[in-house]
Protein chains: 2
Amino acid sequence: MKDGYVVGLGEYEAEREYDLAGACVVPGLIDAHVHIESSLLAPAEYARLVLRHGTTTVIADPHEIANVRGAPGIEYMLAESMRTPLDILVMLPSCVPATPLDAGGAVLAATDLARFRGREGVIGLAEVMNVPGVLAGDQDLRAKMDLFEVIDGHAPFLSGKDLNAYIYAGVQSDHECTTLAEAREKLLRGMYVMIREGSTEHNLRDLLPLVNACTAPRCCFATDDRHADMLAGKGHIDDCVRIAVASGLEVELALRMATLSAAERFGLHDRGALAPGRLADFCVVDDLDRFRVLRTFKRGIEVIDPGYRPPACLAAPLHARVPEPREILLSGRGEARVIGIVPGQITTRDLRFPVDAAGIPDIGRDILKAVVTDRYRASGSGVGLVHGFGLQEGALAGSVSHDSHNIVAVGVTDADIVRAVGEVVRLGGGLAVVSNSDVTALPLDCAGLMSALPHDEVVRRLAALEEHARRLGAIANPFMYLSFLALTVIPEVRVTERGVFDVRAFADVPLFSE
Amino acid sequence: MKDGYVVGLGEYEAEREYDLAGACVVPGLIDAHVHIESSLLAPAEYARLVLRHGTTTVIADPHEIANVRGAPGIEYMLAESMRTPLDILVMLPSCVPATPLDAGGAVLAATDLARFRGREGVIGLAEVMNVPGVLAGDQDLRAKMDLFEVIDGHAPFLSGKDLNAYIYAGVQSDHECTTLAEAREKLLRGMYVMIREGSTEHNLRDLLPLVNACTAPRCCFATDDRHADMLAGKGHIDDCVRIAVASGLEVELALRMATLSAAERFGLHDRGALAPGRLADFCVVDDLDRFRVLRTFKRGIEVIDPGYRPPACLAAPLHARVPEPREILLSGRGEARVIGIVPGQITTRDLRFPVDAAGIPDIGRDILKAVVTDRYRASGSGVGLVHGFGLQEGALAGSVSHDSHNIVAVGVTDADIVRAVGEVVRLGGGLAVVSNSDVTALPLDCAGLMSALPHDEVVRRLAALEEHARRLGAIANPFMYLSFLALTVIPEVRVTERGVFDVRAFADVPLFSE
């Protein structure tokens, strides 16, 4: 290695030599699609965690902070990315807001994105999630796609002629496949398939049969949304490799996906393999089967953890009005649209229950109130119902709420919901669990999305939140499910500050369907 | 299909529908590296031939005409390429002349190539054959390589640290592998391996064990130098697919190499697969095993042979002095360096024979005189000896003589050699066989490299030349071997207008080694 690049393979004499004592060297791992904000860590803290897991490049979409703060949010991520040896390569958020109906903290038009084209570290256009916009030939979206050569997709369940049209428009990849048939169809139509394994989005085992020696060059790994606790406990792309191998994939193919395939997908010809002229990005693993990362090298230099250094934080004032209990009252009765949590998935189901509003919370049937409070314009709160959270008492709230990042809460009593939302507002953004007189919280000082704390402290507090929620009966990873309750681009049904939203109809709908 | 692109796969209604009666549709075939000049046809005639074999894109290096005519030669090829639906994408010749020692019709410096950068149809830098120049950090060569992202190599037998350095310098591919071990080493160091099957360069069967599902994405087919008769008789990339399949490769992998792998290698994301948004370039084959191309479509339109249309021709005056017999006399005796033809290969061997000049021609040992006459400066002729041509009488000469394209001849008597050279000069460039009073010839009006005749007429005349040469005892394909006798960049030994040349020592050497 010299000046950060591989000079050659063979017998050389060098100024510095390493005895790896029989361990294996593999190219640095690449995450093909991630929202760093979803780790709840600021970029440099995130990097500390993933570098120790052998990741040397992440393809990051600052979609969350862009929804909160627009172009300055992207600038913030680009600036913070300079503070770590990890290569954080940015795909620009294509859909801010996620849909024309969403009202977040910013609107990014093609002219706003054009300013970032050609900037160091900016490599393309991220997840084009406004599928109806693509199919209808939306002009501003078309203008955004015309700005870039590399365009990632986001099209859960899209199939047949609509899928053809979406690809024809220029979208090259997808990371939202949840079934093997869906992934196969997309692959056969020329898309790169990014197999996702996030905190609650577990698609790897289902999609793994897609991968063989012929298809591995067109498949990569992505984590999309992975909380700090999972990064610390399970790992990052190394975890994807281990799961894939444990599920029967040859380690060479898993590594192909984790390195060269991801590099090729993004045209990053300077990495993805240990070969002359490529970046000396690699990690040392104990053994190809166990695949425990022992050391990581970036540009030929061993990464030594520099310790915690406080990040710059981008303020994002909360113009939220904490609702009065009377503002989140429900009335009426009939067949209600209830958001059905799907464990291990980002998708939800449109469940129908006969409901009398006076009977909510219905702990017996696990039907609870979900509230979204506008954090930008203090316009008020929308209310829906959710099945699958499992809470027996108390409430959860958070300012991480894809994609608009309003304040989202689920709880048993209206009083606890209001208290939880109040706690998030008091923190200026954060996650909170309340019950009786207990409050557990994690402040998210960076735009209400990321913590300014060290990663081990964030992990500790996440554990406390998780433990408190579990005591109240909650599903595992409740804050990740909570953060997707308002996500209007993934079927089937969601809740926004306006109320219940049907993703397939792409419209606000009444709680009671009849 | 619409406007030349694939809209989708599935059930559509269209203005025009084709019933293919059970035949198969495969993506248009791609030749990853070819010198169109080596077909002896002008570009549009070449295109007529290969389009009917299912080729829709060729990556062409106008290295031959550039050696004769420099930048105007490249302009000529670019202009003629517009006259055919075949996509002729140009890699610019990196080494004109091939080595600093060669004196051809032009010298192309980095500044000359820079003028072509960004031109429509120009996609990179072709075969960097000046390996010593790369390894020594030659500044002009470095400047050429810095002009382009896509850089093809040409490094026969290069291995170990020198290969590392060559790749480190930025060379991404090689099409000169002749052994499996060589191809494997290059592949493992990150190079794309182009497996060549030309008129006399038969590497496919030797290298095929390299290809499997894991490696196929990094391997392509190339023909490099294929005469019109082979294109007409055997075919083009379809022939490579048939040979590969007959040799045991799965047809899917052979097709991968012939389509998507080649497209990916050159970053041509608009082709290489039949998928939405890609070019509607494809061919119809009778059956995947027989693989006979029945019809070819380019940009959604069936290619109907337009018939012969006379090409524009680029004149290239021959400033050659036909040698007097006394100018090609040899004298002396001792161990002589004799160029050993290697059947089926572009390489030659450095054979040593005890020779008395007075005993040449030595028909018993098949040692004949090889003469190269300067066509640019009338400086005279160089003489060497060659083993393996098999001629019993008469002589062959031609103005196709890689890379400088001087006039090269091999013959039994000095008088016949002089007559053959004289015939080539009289034609203003061409190929000729002479014996007794018989002369068979093919004029090459376009720069002495390509014929202005229709391809079937060129094939007919090539057959007559071949038949005449065979009657004289010559090896099959004698003009292709003849054209490589002066090629100073492929080991081991060659002859130039200065005399014998040792490629490994990279120097002119005496005929007698002691």
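Values quoted throughout were computed directly from the atomic coordinates according to the rules given, and no laboratory measurement underlies them. This is a predicted model, so every value here is computed, not measured. Note: ideal-geometry Cβ built from the backbone for every residue, glycine included; neighbour counts use all protein chains shown.
Here are a few things to note about the model shown:
- Charge dipole (debye, nearest 20) of chain A; +1 at Cβ of Lys and Arg, -1 at Cβ of Asp and Glu: 420
- 5 angstrom amide H check on residue A:342, placed H, neighbours 5+ away: A:349
- The fraction of all Cα pairs in the protein assembly as shown landing in successive 10 Å bins from 0 to the largest distance is 2, 11, 18, 19, 16, 12, 9, 6, 4, 2, 1, 0, given as whole percents.
- For the range A:152-205, the pair-distance distribution built from all alpha carbon pairs, in bins 10 Å wide starting at 0, is 27, 58, 14, 1 percent.
- Acute angle (nearest 10 degrees) that the helix A:237-246 long axis makes with the longest principal axis of chain A, alpha-carbon atoms: 90
- Axis angle, to the nearest 10 degrees, between helix B:455-471 and the longest C-alpha principal axis of chain B: 40 degrees.
- Under 15 Å, Cβ to Cβ, from residue B:83 - net charge with Lys/Arg +1 and Asp/Glu -1: -3
- Charge dipole of the protein assembly as shown (Cα centre as origin; +1 on each Lys and Arg Cβ, -1 on each Asp and Glu Cβ, all else neutral): 440 debye, rounded to the nearest 20.
- Net charge contributed by nearby residues that have their C-beta within less than 13 Å of residue B:191 (K/R +1, D/E -1): 0
- ³J(HN,Hα), Karplus 6.51/-1.76/1.60, whole Hz, each residue of the range B:22-33, x for Gly, Pro: x, 6, 9, 10, 10, x, x, 7, 10, 8, 6, 6
- Relative frequency of Cα-Cα separations exceeding 25 Å in the range A:344-452, percent: 20
- Positive-end residue of B:60, A:243, B:345, charge dipole of the protein assembly as shown with Cβ unit charges: B:60
- Spin-label pair residue B:21/residue B:326, simplified geometry with 7 Å Cα→Cβ offset, distance in nm: 7.1
- Cross-link pairs beyond the 19 Å C-alpha cut-off, checked among B:144/B:186; A:161/A:186; A:2/A:298; A:298/B:144; A:298/B:161; A:161/B:298: B:144/B:186; A:298/B:144; A:298/B:161; A:161/B:298
- Test item: Cα-centred dipole of the range A:1-147, Lys/Arg +1 and Asp/Glu -1 on Cβ, debye: 340
- Nm distances between copies for residue A:504, ranked from closest, using label points 7 Å along Cα→Cβ: 7.3
- A simple count of charges around residue A:435, restricted to other residues whose Cβ falls under 10 Å of its Cβ and scoring Lys, Arg +1 and Asp, Glu -1, yields -1.
- Here the relative contact order of chain B, from alpha carbon pairs under 8 Å that lie six or more residues apart, stands at 16 percent.
- Building the convex hull from the alpha-carbon atoms of the range A:1-70 and averaging its projection over directions returns 6.8 nm².
- For the range A:277-342, taking Cα atoms only, Rg and Dmax work out to 25.9, 68 Å respectively.
- Kirkwood-type radius of the range B:124-174, with distances r between different C-alpha atoms, in Å: 10.6
- Amide H contacts of residue B:486: B:402, B:495, each under 5 Å away and 5 or more positions distant or on a separate chain (H built 1.01 Å from N in the peptide plane; Pro and chain starts excluded).
- Computed log10 I(q)/I(0) for the range A:155-290 at 0.12, 0.19 Å⁻¹: -0.48, -1.14, from the Debye equation with unit scatterers placed on every C-alpha and solvent omitted.
- Each part gets one Cα centre, and for the range B:388-404 versus the range B:1-77 those centres are 32 Å apart.
- Based on the reciprocal of the average 1/r between different C-alpha atoms, the Kirkwood radius for the range B:417-458 equals 10.5 Å.
- The range B:79-86 - phi-based ³J(HN,Hα) in whole Hz, Karplus 6.51/-1.76/1.60, Gly and Pro as x: 5, 5, 5, 6, 8, 9, x, 4
- Temperature 4 °C, viscosity 1.567 mPa s: under these conditions the Stokes-Einstein estimate for the range A:31-160, based on its Kirkwood radius over C-alpha pairs, is 86 µm² per second.
- The amide H of residue B:124, built 1.01 Å from its N in the peptide plane, has B:92 as neighbours under 5 Å, considering only residues 5 or more places off or on other chains.
- Residue-by-residue Karplus 3J(HN,Hα) for the range B:181-196, coefficients 6.51, -1.76, 1.60, Hz, glycine and proline x: 4, 5, 5, 5, 4, 5, 4, 5, 9, x, 7, 6, 9, 9, 8, 9
- Placing a label point 7 Å from Cα along the Cα-to-Cβ direction at residue B:359 gives distances to the equivalent points in the other copies of 11.2 nm, listed shortest first.
- In the distance distribution for the range A:380-514, Cα-Cα pairs more than 23 Å apart total 30 percent.
- Largest to smallest principal axis extent of the C-alpha atoms in the range B:55-105, angstrom: 38, 17, 11
- Per-copy distances of the residue A:393 label point, shortest first, in nm (7 angstrom along Cα→Cβ): 11.5
- For the pair residue A:109 and residue A:246, label points projected 7 Å from Cα toward Cβ lie 5.0 nm apart.
- Theoretical FRET efficiency, 1/(1+(r/R0)^6), r = Cβ-Cβ of residue A:378 and residue B:505, R0 56 Å, to 0.05: 0.10
- Looking down the axis that turns chain B into chain A, the chain B residue with its beta carbon nearest that axis, and the gap rounded to whole angstrom, comes out as B:213, 2.
- For the range B:313-457: relative contact order, % (alpha-carbon pairs under 8 angstrom, 6 or more apart): 23
- Mean residue ellipticity (222 nm) of chain A, computed from DSSP H runs ≥ 4 via -39,500 (n - 2.57), nearest 500: -7000 deg cm²/dmol
- Alpha carbon Rg of chain B, scaled by the compact-globule rule 2.2 N^0.38 Å: 0.95
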